[in-house]
Every structure is written in C-alpha cells, then in structure tokens.
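Input: a single structure, listed below in structure tokens.
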Amino acid sequence: MKAIQFSEYGGPEILRVVEVGEPHAGAGQVRIAVRAAGVNPSDWKDRAGDARDSEPVPLPSGVGFEASGVVDEVGVGVSNVAIGDAVFGYAAKAVAQYAVLSHWAHKPANVSFEVAGGLPVIAETASRCLEQLDVQSGETLLVSGAAGGIGSAVIQLACLRGISVIGTASASKHQYLRQLGAIPTTYGPGLEERVREIAPKGVDRALDLAGSGIVPELIEIVGDPARVLSAADLSAPQYGAKFCYGPPKNPEQVFAEVARLCSEGRFRLHVEQTFPLERTAEAQELSAKGHVTGELIISVVRLERKQQ
C-alpha cells in the first residue's frame, strides 16, 4: 500500500510516498481503508524531532494519529463494529491507504469522511482541557489561540456546557469565532486591558493553545496560576500553571458524543483545506505556520481490491 514516511528528522521535504506492507488488526483493533486523515502539530513536531531526546521516534516512521474510513478487518475481541462500517478514531501511521484504529466511533451518515477524519484529536484534547481546567457552567473562559482545530472544539464544547468564552485570534478570524459562540479579541500587547473591557468582572480560567509564551500574562489576567492550563507550552508548570497531559481519557465516549453533536448540527468542524496524500508535506508546512482556521485534512484515494 502507499503511505507517507520519513526516515530521518528534518523539514517537510523529507516526507516520501512509499510502498509498505499493509498493517493488520490485532486484538481489540480494527483496520480501515482510509478515506481521510487529520493534520496536527504532533505530526510535524515528531517529524522535526522536537522530542528526540526524551521520546525518540523509531525510524523510518509513518505519520498521522487520526483517520476515518471503512472497516475491512476486525480484530479478536471486537464486537461493536463490522466489516463495511464507516468509523473514525485514533490510528498509528494514519496517512496511508490502510490504518489500524485503536479507539473509534461510528461515523454518522450525514457527516463527511473529511470532517470525521479531523475530529478525534481536537475533540478529545478539547474535552480533556475543559475537564482538567474544571471549568463550570456560568464561568468565563479565556482561550489564547482560539481559531485552530482544538480552539474551535473548545469553544463549542464550552458553550454547550453553559460557559462563556473569550477567544484570541487575528482580526480576520473574529467573525469565525463569533459563529462558534465566542467573544473575539486580538492577541498581543494590551490583552489584559481588552479582556477587562469585555469582562469587567474578570475571567475565571484561561487556556493556552498557541504556545506563544503567554502563560505568565494569562496568570496575571486570571489572578491564580492554578486556573491556567496550557496544551502547547511545556514550561507552564514553571509558573505554577498546569499542562494538559494525556493519556486520553475515555476517547470512544468523546468521539461518539462529538459525532452525535455533528450529526445534529450542534458541533461543526471547519475544514480549511484538503490535500491528496502526495501533498502531505505541503499540508504539514502550512500547519506549522500556525495560522490555520479549523483543520487541514489529507484525503486518501479509495483503494479498490482486485477480485480473486
């Protein structure tokens, strides 16, 4: 099958389309013919070797941690899915024609494969952030870097829980944030003053999704480091704030809930751009620039089996 791999750390140019053996579902797993896979910062951070000293990636390595597709192989012990079912979930080496899912949920018929392929990481991460921040209904949450995939999910899930959200983004993305339910403001100098104008009584908690060194300022705005969480800045604990660590908690439950909300039109994922498998390097390069609204998706051409 065709898959994207890198055999050394480096820039997007090291990604290659290669022919590799097909993976197979083990116990408790399913294999899918991939239709779409999401592009996330973890993809290009692994490729660049950002954590090579603490968590080196075995080389050569595939890319991608989430995908949607059609089940074509069911592992031992799996009873809630059958061959031919459309599903989405967590996968290793997802940017390929076939991938093995470790956690999954059924894809609603009225949700596209492209949208479903970009849901797992943002939905689970957003849910985990809200849980670890312990944001309560009626509180106000400040989100730094709110227009990306995780930020888009945080806003919608928070609003559904009765939480007011103030989100930072460039001015061109403010209407997008409003459509999701947030009150937008720009990032940069003067943030504390702008937030005070929006929320004179203050904000209860803050979430950093940008990793731009803003954690100390968020602590000043909130007034308590224990009420500040970052999903992008590992130095957050140095200031007394929290970092949103894994592992994922109840991912299948989160996937199923977000799938239901998508089907009902109460949660949406904006797909900014879709790329063919051969242009994965371009997609990762765009993601790394940090200006994506919503998600980038790799669309994988359906592989037809030859009749035996």
Query raised in the report: GNM on the chain, C-alpha springs below 10 Å: top fluctuator among PRO56, PRO216, PRO23?
Result: PRO56
Query raised in the report: Could you give the longest part of the chain that holds none of the GluC sites (Glu not before Pro) found in DSSP loops with at most 16 neighbouring Cβ atoms within 10 Å?
Result: 9-263
**Report entry** Calculated FRET value between GLU285 and GLN253, using beta carbons and R₀ = 30 Å, to 0.05
**Finding:** 0.30
**Report entry** Quotient of C-alpha Rg and 2.2 N^0.38 Å, computed over region 1-57
**Finding:** 1.32
Query - Karplus (6.51, -1.76, 1.60) ³J(HN,Hα), θ = phi - 60°, over region 46-53, in Hz, Gly and Pro reported as x - result: 5, 4, 7, x, 4, 10, 4, 7
Query raised in the report: Which distance in Å, rounded to a whole number, links the C-alpha centroids of region 172-240 and region 244-286?
Result: 23
**Report entry** Unsatisfied cross-links (Cα-Cα over 20 Å) in the set LYS2/LYS93; LYS45/LYS289; LYS2/LYS45; LYS93/LYS242
**Finding:** LYS2/LYS45; LYS93/LYS242
Report summary line: Largest fluctuation, GLN238, GLN284, GLN97 only, Gaussian network model of the chain with Cα springs under 10 angstrom, belongs to GLN238
Query raised in the report: Around GLY49, which amide H atoms from residues at least 5 apart in sequence, or from another chain, sit under 5 Å from its own amide H, with H modelled in the peptide plane?
Result: GLY10
Report summary line: As a percent rounded to 5, the proportion of antiparallel DSSP bridges among beta bridges in the chain is 60
Report summary line: Taking the chain, the equivalent ellipsoid from its C-alpha gyration tensor has semi-axes in Å, biggest first, of 34, 21, 17
Report task. Taking 7 Å along the Cα-to-C-beta vector as the label spot, tell me the GLN238-THR186 distance in nanometres, rounded to one decimal. Result -> 2.9
Query raised in the report: Which far-off residues, 5 or more places away or on another chain, put their amide H under 5 Å from the one on VAL165, with H placed in the peptide plane?
Result: LEU141, ILE183
Requested in this report: Could you go through region 66-81 in sequence order and give the Karplus-derived ³J(HN,Hα) for each residue, using 6.51 cos²θ - 1.76 cosθ + 1.60 with θ = phi - 60°, rounded to whole Hz, and x for Gly and Pro?
Outcome: 8, 6, 10, x, 10, 5, 10, 7, 10, x, 4, x, 8, 10, 9, 8
Report summary line: Per its Cα gyration tensor (rounded if a/c is under 1.5, else prolate when a/b beats b/c, else oblate), region 123-243 is best filed as rounded
Requested in this report: Could you go through region 278-294 in sequence order and give the Karplus-derived ³J(HN,Hα) for each residue, using 6.51 cos²θ - 1.76 cosθ + 1.60 with θ = phi - 60°, rounded to whole Hz, and x for Gly and Pro?
Outcome: 5, 10, 4, 4, 5, 5, 5, 4, 5, 4, 5, 6, x, 10, 6, 9, x
Requested in this report: Please work out the C-alpha center-to-center distance from region 78-99 to region 121-144 and express it in whole Å.
Outcome: 28
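Read-outs throughout are calculated quantities, based only on the coordinates presented, and are distinct from any laboratory measurement. Just so it is clear, the model here is predicted, and its values are computed rather than measured. Cβ atoms come from the backbone with ideal geometry, glycine included; neighbour counts cover every protein chain shown.
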